[in-house]
Structure formats: structure tokens, C-alpha cells
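Asker: Okay, here's the structure, questions in a sec.
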Amino acid sequence: MSAKGKKGGAAKNKNNNNKKPNPNTNNNEKKQQNEKKNEKTNNAVEKKDNQNKNNNNINDNNNNNNAEGGANNERREKQKKQKPKKLQTQLTVQRNLTIRPIVLSGHERPVTQTKFNNDSDLLFTASKDGTVSVWYTDNGERLGSYQGKGAVSSIDITTDSELLLMGATDEVNLWRVSNGDLLYTWKIPGRIVSVELNYGNNQFLVGFNVGTAQNPRIYVYNLSHTQPGLQPKQTAQEIILKVEGSLSKCAWGYMNENIISVTSKGGLYVHDLNGNLVREPIHDHTRNINNIAFSHDRLYFLTCSDDNTARLYNAKTFTLLRTYETHYPVLSGAFSKDLDHIITSGGLPADVTTTSGGDLGQFATRFFSLMDEGELASIRAHFGPVNSVAFSPNGKIFSSGGEEGVARLYHLPEDYFKGALEEAAEVDLAAELALQL
Amino acid sequence: MSEAPSRISHLRIDDDDAPSEYEMLGEPEVMMEKGYHKIIVVDNLPPVAKDRYDRLLTVLKKIFAAFPIVDITMPSGEDGKTFGFAFIELANESSAEAAVKQVNDYKLDKNYTLRVNSFEEFAKMDKLSDEFVPVETVNYQPPMDLYTWLLDPNFRDQFFCRFDDQSEISWFNRNEKKPERCIRKPNMTTTFLVWSPYGTYLGGFLKQGVVLWGGADTWHYIKKLSHPGVKIMDFSPREGFLVTFSPEPLPIDSSDDKDRHFVAIWDVATGEIRRTFSILKDDNGNVIWPAFQWSHDEKYFARLTADGILIYESSTFKAIKGGGIKVANIREFSWSPADNIIACWIPENGNIPAKIQMIEVPSGKTVRAHNLFQVSECKLHWQSKGEFLCAKVDRHGKNKKQTCTNFELYRMKEKGIPVDVLTLDDKVLAFAWEPSGTRFAIIHVPFTANSGTKTSVSFYNMGKANEKFSRLATLEKRPANLLFWSPTGRFIVLAGFGAFGGSLEFYDSHENDTLQTGTHTMASQLEWDPSGRYISSIVSYWRHQSSLENGFTIWDFQGRELLHVSREKFYQLVWRPRPPAILPETKITEIRANLTAYSKKAKAADAKRLGELFEQRNKVKEEQRKAFLEAREKMRSELKADREKIKGRKENAGLRWYDDYDNELVERVEEVEEIVGDAVVEEVARN
């Protein structure tokens, strides 16, 4: 227990010493809230500790290593910066922005999803190792973890950061975020691909595949906030999807009116809550669609596909607005809140990569201009496919989670919001122009 | 040896009214029996009544006894009398033809001379209109201009790409991130595509034969040459003729043996077969290709046979007088790229030494013969202008082990054809002449070295007449196994493919300086554009199946990477060749001298175009941005209303909405910002 106390103290100190421009630390009231939460969640960790002491010790070690690992990484990135580059065709963030990555390595197996809470002070990382970890976005301190039944494929957090929904194999678990209580479990007859709360948080959907990739289904449940532990005895509203191929992801559409599903055959389908197709399926992508990401206002969404592109749609009319091209399969995408940027991540699966020449560029997280479709910058950090990227709701932080089990947290510097990337792109363009003449 | 040209004119495809350019992809049409070719009409018979009908029938049968009669019909009128003619159906068309010929004008008796005609003739007459219609004069239509690409105002070069089932022809714009696509078509070929040597035609393979594409921007087919199952084609050096090979013999109904119809030589301009040939195979049963080697002016083409070199004339498609060069045991021969001279080498045979021989065609005069000893293998390399010939000779010692490599360098344009000898104690991996130049490059590695680490590249210069050749430079420890000279000379790319993993070194042989090094992982092929400005490296799906690497990179001659495109199932990229300049030599030197003036002009034009391009692009982008923002503003205000509606519903009372939460947050932040100094502490304490 003494070790625990020490850890909490260290965390507090770090919080106090932190001088980087961060909305959370600028905001004193917020900070206090943080600390309150810190105490709360420390309790949660203690509780967990009692259950599984050994595990936690290992994690502590991991945390210590992390700090060093982070420092090393910074150093490495600095070295990269100094290296002169031949004929710059694409810009890397390191050249124009110094960005502080925090490496979060607490998972033993691939990270499948990273998600911020609505306050942007907590980051949840889901992993195939069956756990969801919670981290302070401030300093990368781990608060604790929630142990699911099997590989966690999808998570969601309520707007008030009270409850966590976790889709693990064939169970949806409802956790209280603050103390780590498992409140309720729904059994699902299939393999879960998505769980998502609706706008208003009074319902959530569970998308899953039954058996051999046929008849994917969606269950919609009501969620009671007042007594989370006693969920109403209800049978789910079942939606049998009229799609070809297996379900990759599904999400609530505009104003909870419909549900958008994407499939392994590259199709995009829109069903209403009665299971009827609202419109003709969209087949812009030629291969498996891996993910859907919504803009902050949920007016636009991005589909990420194995055909090396991400596509931007209007969430109301489903018109294709933009296409972002990379050279590698896109596994995940996210919208920047304050600037019209999107980020994408991806890479070829390990079995393909190892049999061909090593180019780590494929595992980069890329910034694109939302309007122009042009690539603005890229960050090469992960050494395996990047399964998930997420932008914090306050727009100041983004995260990535990789196949190698590591998640990374990036606090965007002020320069980013002043348009450093656009500037750099302009400079690049001018340089290229000069080169031609 | 000479064979009569076969009768194959009906094989031509009538391409004037072909409904679709892909019709050749379909199944060949089955010939249905139509028309009345087997029926003949016998006229001038005596009209007979019913009672004598049978007698006349017997007479007719007797007259046509020599032919296989199927049926005889003699129509009769209402009164029972016949009309005086009969239809006779015969078993086949040829006997009908013969019957018409033989029985016509047969005298039945004094009054009746039979007139026999094919029924087809009558049918034809029947169809003729009674009125005279003057023949319409067709206005002269100029043929399609096949050379428009040479008139590009920006002096750009074209290339084609083959990937998946698509073929794409594009311009390469140095300043742009994407090649400017001219056309993308599926089904231009089932296997690969071949440019003709001057770039006029693009040859594609279809099931039924070869298609030559070309012309202006539409890329319509120019010619279709029917050769079912065609596998490979080869243009003559001035693209006047095309040689095709198919493992199925051409379906030509001539009595001579079918072996003769595997290889066809076509006249590209008319699309007609000039002659067909048998195919030669080597000892392992592999087809020897190219089937023929052409002289530089296409006047002659030749192939190696057991007892010499058989030479044909392209004007008559018959063997030249004397049949060619009758020297036994020739291993290999090669035409000079500038004169009608054939160089060949004959290996050692018992006590007779190996020999390199140069023979003038068609006179058959030996220009030079050179005996060589202890030769195990020899390879002939002509310089592109035919000024030099290099014979790379692998020599062996007494134990038959190779000990050194000799380069016999012949100066073809000098009197007596003097020879210089360069001896290297190394194994030679590659040799290449500088196009139109005097330099050559060699990649060599010591015999003892078993790894690729000791590979060196050496450059030599032949110098002027009466000078001895000299070594320019040797680059040691280079990961290279192939040489690619720029078509304009001076610059060369040393490439290390295969085990070297695709390393590239861009080298200036004039300054003896490495310009740049680079790598294109797993690259399998390099190709210079005809102007020597750019070079492409590709990773072809044929060599390496990886969706990660399949694609191409374009570099400039200084080794700067200009463009990288990755494409799944990428097969081919080949630059469009240009015909040789038709300007006189003096004009070309004049242009060379004033190159700076031209480049200034070109740069100014480039700058202008680029400026316009950027301006235009910015304008388009600005418009798009504006439209997007407007639409979003509108949607956002709608969204607000929609959200209020949902929030207002009774069953949704008491729910937390994340956008509300957001607004609260903003308000709170603003609140705190107003408080300064100690007040902050108070504020915190109060909470």
C-alpha cells in the first residue's frame, strides 16, 4: 500500500510542476476536479489491487519504464530532426512542430481503440488482452484498468464520464468509471465489433457478427443512468442488417435517426431502427472498410478502408465530399476540432510487412487538410499497424493505439493552432516551385 | 529454299465497318451455310408435257452422270407442261462449279443447246436494280495523323502503364504530383504491350491476334492483324514490318505442310501478311526469339540455320541471291546498327581456332576475319552508331577453366578495321556502350570472390581515330549488376537488382562524378525516357507480388526522385520512343551550341505555366472551401434546431447532452479567466 501512496504523490507533483500550456492546468477549477478524480480513481486502483496484486506490480514497473521510454523517444525524434533530408516530398511534424509524445505501454496485446472522455482529461485504451486502461491525459499516468472477459473490440464512455461500456468478445460490460465496479453485463450471441452510445446517452447499440460472417446484427438497448446497476429487464431491439459481407463497424447516424454500418466488402449501409434500408448502399470503397469516425458536431463522417483511402461523407445526405489518399490501408481516422484537419492511421498487417521491404512510413499518423485533401504532415512513431487514432473533444490532444500494444498521446503545441502545418505546407510548395525553376 | 507467298488475302480483317473495337475478343463466327452455291440452273430445255417428263429426267441424269446429283426439279405450269428449265442440286459447291463449266453449251439436239448457270448468278441478277445509279465519288479522307504526340507544345514525353486489366497512357509533367492521363482503357491487351521502335504504334495481344493502337488522343485501333493465339511480336527497326508468333499455325488452307505458318511477317502499313515461316527451336525445345534479325534499314532480315545465315530481302520476301552466308557452325550473329554488315562468331572446332567474321550483305564479301584462341564463349556488342564493335570473349586456360575476359574492340569506320584488346582478369557481369558515344562501361568482379562485395564498375574511352583506348575511372565496391546509359549518353545509372535489393547510382561519366544514390526496394526494371531527362524504376507484379511495393518511381537524370506511384497488380511502364531527328547534322550542332538560350525560354515558359497552374488550383480550392464552409454553416444551424427538438421531448427529460456540457465548459473557462491574482485562490477555496 505504501507504494501506492507514493505513486499518487508523484502524480500530484507532476501535475503541479507541469508548465506546458494545457487547458486543464490553466484552468484551476478544472485542475482541482482532476485531483478529486485522482483520489477517487486511486481508490479504484486500490480495489483492483486487492484482487490482483501481482498484476499491478508489473504495471507499476511498466509505468516506470514508460517515463524513460518517453524520454528516449524524444531524444530519438530530436536526432531525426537533425538529420538532413534529401528532396523533401512530404513533411513530417518534427520539422515544424515539436510535439511531446507520451508513450503509454500498459497492454500486452494490440490496442484496438483509444477514446477520450468528454472532458478530455482521461484516455481509455481498449486492447485485445482483455482490458481497458484509463490514463490521465495530462501526464500519462495510469489510473487503473477494467478486466473484461475477452479481447475488447470497442468501448464508449458516457458524456458525464460516469459509465464505461465495454464490448469484449460476446459480452457488453457496464463499469462505473470512478471506482471500477462492474455494474451490469449483457450477453450477446455473436462477436461484438462496435458498442456506441447515442446522442443523449439513453440508448446504445451493439453491432456483432453471428457465426461465419453471415447475418450481422445490431442490438439496441436502453440505458438507465439513475440506477446503473439495475438495468431494466429488457429484450434488445434487434436489427438484422441487410448487408453483404461481415460487419466491420457500425455507428449512430445523424440525430439517432439511423444506424450506419460498414462491411468487409467495402459497402456502406444505412438502416433505420426498424431494420429497413433507408437508402441505396454506397460502394465507393473497393475493399474492406475498417472504421467510421465522426466529426465533433457529427455532421460529417470519415470511412477508412483497405483500399488505401479515407472518404469524407455528409452524415445527413451521405454525399461523398472528399477522398484522402495514402499508400497504405487506412485503419482509423479522426477529426481535429478547431482546425479543418483530419488524421488517419493504418499500415499493412504484420504478415505482409515482414515479407516485403521495411518502410516504417506506412505506420505513420497523417494529417490531411479536410478541404484540400492534401497531406500536411506525418508522424512516424509506431512500429506496427496503428489500429486507432482519436482526437480529444477539446481538440488539444490526440492519441494513437498500435498493433504492438502501445498507445501514444500527443499534446498539440500552440503553433499547431496558429496554422503551423499550413504554413509549412506553403513553404514546401514554394521550395518545390523554386526547385523546378 | 524459297517458298511461294501463300494465298491468305481472305484473312484480312475488314476494319472499315467493324461495329466495335473489341469484336476480336469475341468467339470467331461460325460459318453457316447460306446461299445456293450447290444449285445450278439448266436452261434451254425443251418444254415437255407430263407424259414425257420422266424421259427428259432420265436424259438429264445421263448428262450430269459425272456429278453427284442430289435432286432435280423441273417446274411445270398449270397445263402440265414444263417451262423449259430445271434446278439441279448437287452434293457440293465444287461439283456445282465444275458442272457449270463442263455442261454449259451442251448440245441436246439441233434446237436445244443447254445453258447452265449457278443459281447464285440468277439471284445476283434478280437483285440488280433496273435503274442506273451513278457511282458515288468518295471524297479523299486524309489518314489519321499518327504523329500528333510529337507536336506537344511542352516537349513532354509519354509513357504507358499496365496494371490489373487496365492500360493507361499518360504525359509526364515534371512539376506535378500526378502524371497527366491521356487515356485509360481496359482490354488493350491480354498480356503485355509493345511500342513500335519509333513510337507510332502500341501493339497489344488479344486472343484473335494483334491490335496496333495509335493515333491522336482517342487511341483508336489502327490495325488488327488476325493471328489466333499470338504470343509475341517484334517490330522491324523502322517499324515497317511486324513479326508475330503463335504456337497454333495460321489457318491457311494451302496444301503445303502446316509447319510453315507459325511465324508471320506483316506489312504494318497495309496490315497484310507478307509471308509465313516455320519457327526454329533450340536444343531444349524453346522457341528462338527474335525469329529474325533485321538490318538497320529493314532491307534484309536473317536467321541462323545449321549451315549458315539465311538472309531474305524485304522487297520480295525471298531469300537473296545465293541464299545468304554459308559458313558452318556459326554460334551467333548480329547486324551492324548503321551498315549492312553482319558480325558473327564461330567457336573452336578441333584444331581450327575460333573466328570472328564481319561480312557485307548482300555481296557476301568478308570485311574482316579475326582468329581467336582458347575461347569458351563470346558475346557481340555494337555501339549504337555502328562505329565500334566489341566482342566480349571469355577465355579459358588449358584446364578449360575460365581465366580471363578479353574485349576485342574493333573500330569499324577505320581502314582495315583495327582492333584493340582489353584484358581483365575478372568475371564480367555487364558491358554497355554509351549510346552514340565513344565510352563504354563494364561491371566486373574477381573470379575468386563469391559474394557481391567486390563488384567494380570501370569506364573506358575509345578516343578518336588512331588513339588507343584509355581507362577513365574504376568505381570499387559498387552494389551493381546492370548498366543503363542515358539515350543521349554521358549519364549512366548503375543498378543493383535482385540480391542487391534495388540500389541505384546516378553517375556522370563526363565529370567522373556520382550525382546521387538512391534505392527503389525490389525494383526489377529501369527505363530511360527517349530524351534522357527522366528514368523510371518499377516493381512489376510479374517479378514480385506485393501490394506494398508494386508500382513505379520516376527520377530525373540527376537522381532526384520526382514521383512515386504504388499500384496493385502493376505490370509494365514503358516510355514512348521517338523517331530519330530528321534535322541535318549541322542544324543539330547549332541547336546544341545555343542550348542555354533555349533553356532560358523553356524555364520562362515553365514558370509561367506553373504560376498559372498554382493560381488556378488556388482559385478552385478557394471556391471549394467556400462552398464547404457555407454548407457547413447551414447544416450547423439546422443541427441546433434539430437538437433542441430532441432535447425538448418528454421522454428525454433529464438526459445529459454532450454539447450542453461543452457550452458549460466554455462558460466556466471564461468565468475563471476574469479572475486575477489572489482572487484565483479565493475562488478555489470557495469551491
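Asker: Residues that are surrounded by 11 or more Cβ atoms within 10 Å (Cβ to Cβ), closer than 27 Å to B:Gly532 by Cβ, aromatic (Phe, Trp, Tyr) and touching a strand residue (DSSP E or B) at 6+ places or on another chain (Cβ under 9 Å): does the range B:557-569 have at least one?
Answerer: yes
Asker: Out of A:Thr137, A:Thr158, I need the residue that is within 14 Å of chain B (Cβ to nearest Cβ), touching a strand residue (DSSP E or B) at 6+ places or on another chain (Cβ under 9 Å) and among the β-branched types (Val, Ile, Thr). Which one?
Answerer: So the residue among A:Thr137, A:Thr158 that is within 14 Å of chain B (Cβ to nearest Cβ), touching a strand residue (DSSP E or B) at 6+ places or on another chain (Cβ under 9 Å) and among the β-branched types (Val, Ile, Thr) is A:Thr158.
Asker: OK, next. Of the residues that make up the range B:454-473, is at least one touching a residue at least 60 places away in the same chain (Cβ under 8 Å) and of a type in the set (Lys, Arg)?
Answerer: No: zero hits.
Asker: Considering (1) touching a Ser or Thr at 6+ places or on another chain (Cβ under 7 Å); (2) surrounded by fewer than 21 Cβ atoms within 10 Å (Cβ to Cβ); (3) not β-branched (Val, Ile, Thr), say which one A:Lys337 fails and leave the rest.
Answerer: A:Lys337 satisfies every listed condition except (1).
Asker: Filter the range A:199-216 for residues that are under 17 Å from A:Ile260 (Cα atoms) and either within 14 Å of chain B (Cβ to nearest Cβ) or buried (at least 20 other Cβ atoms within 10 Å of the Cβ) (or both) and give the result. Give the derivation first.
Answerer: Going residue by residue through the range A:199-216, those that are under 17 Å from A:Ile260 (Cα atoms) are A:199, A:203-209, A:215-216.
Matches in the range A:199-216: A:Tyr199, A:Gln203, A:Phe204, A:Leu205, A:Val206, A:Gly207, A:Phe208, A:Asn209, A:Pro216.
Asker: If B:Val138 meets every condition in (1) buried (at least 17 other Cβ atoms within 10 Å of the Cβ); (2) assigned to a loop (DSSP other than H, G, I, E, B) apart from one, which number is that one?
Answerer: All conditions are met except number (1).
Asker: Suppose the filter is part of a strand (DSSP E or B), touching a residue at least 12 places away in the same chain (Cβ under 8 Å), closer than 24 Å to A:Glu257 by Cβ and of a type in the set (A, V, I, L, M); does A:Val193 pass it? Give the derivation first.
Answerer: Details: part of a strand (DSSP E or B): yes; touching a residue at least 12 places away in the same chain (Cβ under 8 Å): yes; closer than 24 Å to A:Glu257 by Cβ: yes; of a type in the set (A, V, I, L, M): yes.
Yes; evaluated as a whole, the condition is true for this residue.
Here's the yes/no breakdown for (1) assigned to a loop (DSSP other than H, G, I, E, B); (2) buried (at least 18 other Cβ atoms within 10 Å of the Cβ):
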| position | (1), (2) |
| --- | --- |
| B:Asp420 | no, no |
| B:Leu429 | no, no |
| B:Ser436 | yes, no |
| B:Ile442 | no, yes |
| B:Thr474 | no, no |
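Asker: Tell me which of these A:Tyr324 doesn't satisfy, since it passes every other one: (1) away from chain B (no Cβ under 12 Å); (2) part of a strand (DSSP E or B); (3) surrounded by fewer than 20 Cβ atoms within 10 Å (Cβ to Cβ).
Answerer: Unmet for A:Tyr324, out of (1) away from chain B (no Cβ under 12 Å); (2) part of a strand (DSSP E or B); (3) surrounded by fewer than 20 Cβ atoms within 10 Å (Cβ to Cβ): (3).
Asker: Hand me the list of strands (runs of 3 or more DSSP E) wholly inside the range B:529-622 holding 2 or more residues that are modelled with pLDDT of 90 or more, farther than 22 Å from B:Trp149 by Cβ and within 13 Å of chain A (Cβ to nearest Cβ).
Answerer: Once the strands (runs of 3 or more DSSP E) in the range B:529-622 are filtered for at least 2 residues that are modelled with pLDDT of 90 or more, farther than 22 Å from B:Trp149 by Cβ and within 13 Å of chain A (Cβ to nearest Cβ), what remains is B:551-556.
Asker: State the number of residues belonging to the range A:181-198 that are away from every other protein chain (no Cβ under 14 Å) and acidic (Asp, Glu). Spell out how you get there, then give the answer.
Answerer: So in the range A:181-198, the residues away from every other protein chain (no Cβ under 14 Å) come out as A:181-195.
Narrowing the set further to residues that are acidic (Asp, Glu) leaves A:181.
Total satisfying the criteria: 1.
Asker: Say whether the condition of being surrounded by fewer than 21 Cβ atoms within 10 Å (Cβ to Cβ), more than 14 Å from chain A (Cβ to nearest Cβ) and basic (Lys, Arg) is met by at least one residue in the range B:479-495.
Answerer: yes
Asker: Restricting to the range B:486-501, give me the number of residues that are outside any strand (DSSP E or B) and over 15 Å from B:Ile554 (Cβ atoms).
Answerer: Residues flagged as outside any strand (DSSP E or B) and over 15 Å from B:Ile554 (Cβ atoms) within the range B:486-501 amount to 9.
Asker: Can you tell me which of (1) of a type in the set (A, V, I, L, M); (2) farther than 24 Å from B:Pro237 by Cα; (3) within 35 Å of the chain's Cα centre (by Cα) is the one B:Ile325 doesn't meet?
Answerer: In the conditions (1) of a type in the set (A, V, I, L, M); (2) farther than 24 Å from B:Pro237 by Cα; (3) within 35 Å of the chain's Cα centre (by Cα), B:Ile325 misses (2) alone.
Asker: All but one of (1) more than 34 Å from the chain's Cα centre (by Cα); (2) farther than 30 Å from B:Pro197 by Cα; (3) among the charged types (D, E, K, R); (4) assigned to a helix (DSSP H, G or I) hold for B:Arg656, so report the exception by its number.
Answerer: The number of the failed condition is (4).
Asker: Related question: Checking the conditions here, which among A:Thr263, A:Thr344, A:Thr319, A:Thr286 is more than 13 Å from chain B (Cβ to nearest Cβ) and either surrounded by fewer than 22 Cβ atoms within 10 Å (Cβ to Cβ) or under 18 Å from the mean Cα position of the chain (by Cα) (or both)? So that I can check it myself, show each step before the final result.
Answerer: Values: A:Thr263 fails: either surrounded by fewer than 22 Cβ atoms within 10 Å (Cβ to Cβ) or under 18 Å from the mean Cα position of the chain (by Cα) (or both); A:Thr319 fails: more than 13 Å from chain B (Cβ to nearest Cβ); A:Thr286 fails: more than 13 Å from chain B (Cβ to nearest Cβ).
Matching residue, one of A:Thr263, A:Thr344, A:Thr319, A:Thr286: A:Thr344.
Asker: Tell me, please, whether a residue that is among the small types (Gly, Ala, Ser) and surrounded by fewer than 18 Cβ atoms within 10 Å (Cβ to Cβ) can be found in the range A:273-282.
Answerer: yes
Asker: Scanning the range B:506-528 for residues that are outside any strand (DSSP E or B) and either touching a residue at least 40 places away in the same chain (Cβ under 8 Å) or more than 30 Å from the chain's Cα centre (by Cα) (or both), which turns out nearest to B:Gln572 (Cα to Cα)?
Answerer: Of everything passing the filter in the range B:506-528, B:Ser509 is nearest to B:Gln572 (Cα to Cα).
Asker: Report yes if A:Leu241 is surrounded by 15 or more Cβ atoms within 10 Å (Cβ to Cβ) and within 13 Å of chain B (Cβ to nearest Cβ), otherwise no. I'd like the intermediate steps shown before the answer.
Answerer: Values: surrounded by 15 or more Cβ atoms within 10 Å (Cβ to Cβ): yes; within 13 Å of chain B (Cβ to nearest Cβ): no.
Criteria not met by A:Leu241.
Asker: Can you spot a residue in the range A:294-309 that is away from every other protein chain (no Cβ under 13 Å), in contact with a Phe, Trp or Tyr (Cβ under 6 Å, 6 or more places away or on another chain) and among the aliphatic types (A, V, I, L, M)?
Answerer: No, every residue in the range A:294-309 fails to be away from every other protein chain (no Cβ under 13 Å), in contact with a Phe, Trp or Tyr (Cβ under 6 Å, 6 or more places away or on another chain) and among the aliphatic types (A, V, I, L, M).
Asker: Which members of the range B:285-312 meet the condition of being more than 24 Å from B:Ser246 (Cβ to Cβ) and in contact (Cβ under 8 Å) with a residue 24 or more places away in the chain? Before you say what the answer is, go through the steps one by one.
Answerer: From the range B:285-312, those more than 24 Å from B:Ser246 (Cβ to Cβ) are B:295-297, B:299-300, B:306-309, B:311; that's our starting set.
Within the range B:285-312, B:Ser295, B:His296, B:Asp297, B:Lys299, B:Tyr300, B:Ile309, B:Ile311 meet the criteria.
Asker: Can you work out which of the residues in the range B:161-175 that are among the charged types (D, E, K, R) and without any contact (Cβ under 8 Å) to a residue 24 or more places away in the chain is nearest to the other protein chains (Cβ to nearest Cβ)?
Answerer: If we take residues in the range B:161-175 being among the charged types (D, E, K, R) and without any contact (Cβ under 8 Å) to a residue 24 or more places away in the chain, then B:Asp165 is nearest to the other protein chains (Cβ to nearest Cβ).
Asker: Just checking, which of A:Gly275, A:Gly253 is under 21 Å from the mean Cα position of the chain (by Cα) and within 27 Å of B:Gly648 (Cα to Cα)? Before the answer, list the steps.
Answerer: On the way: A:Gly275 fails: under 21 Å from the mean Cα position of the chain (by Cα).
Going through A:Gly275, A:Gly253 in turn, just one is under 21 Å from the mean Cα position of the chain (by Cα) and within 27 Å of B:Gly648 (Cα to Cα): A:Gly253.
Asker: Can you pull out the residues in the range A:358-400 that are touching a Phe, Trp or Tyr at 6+ places or on another chain (Cβ under 6 Å), within 12 Å of chain B (Cβ to nearest Cβ) and not in a loop (DSSP other than H, G, I, E, B)?
Answerer: Listed by number, the residues that qualify are A:Gln362, A:Glu375.
Asker: Hey, can you tell me all the residues within the range A:148-158 that are surrounded by 23 or more Cβ atoms within 10 Å (Cβ to Cβ) and more than 16 Å from the chain's Cα centre (by Cα)?
Answerer: Hit for the range A:148-158 is A:Gly148, nothing else.
The values are calculated or read from the model by the stated rules, or taken from the named source; none is laboratory data. All values derive from a computational prediction rather than experimental measurement. Virtual Cβ from ideal backbone geometry, glycine too; neighbours counted across all protein chains shown.
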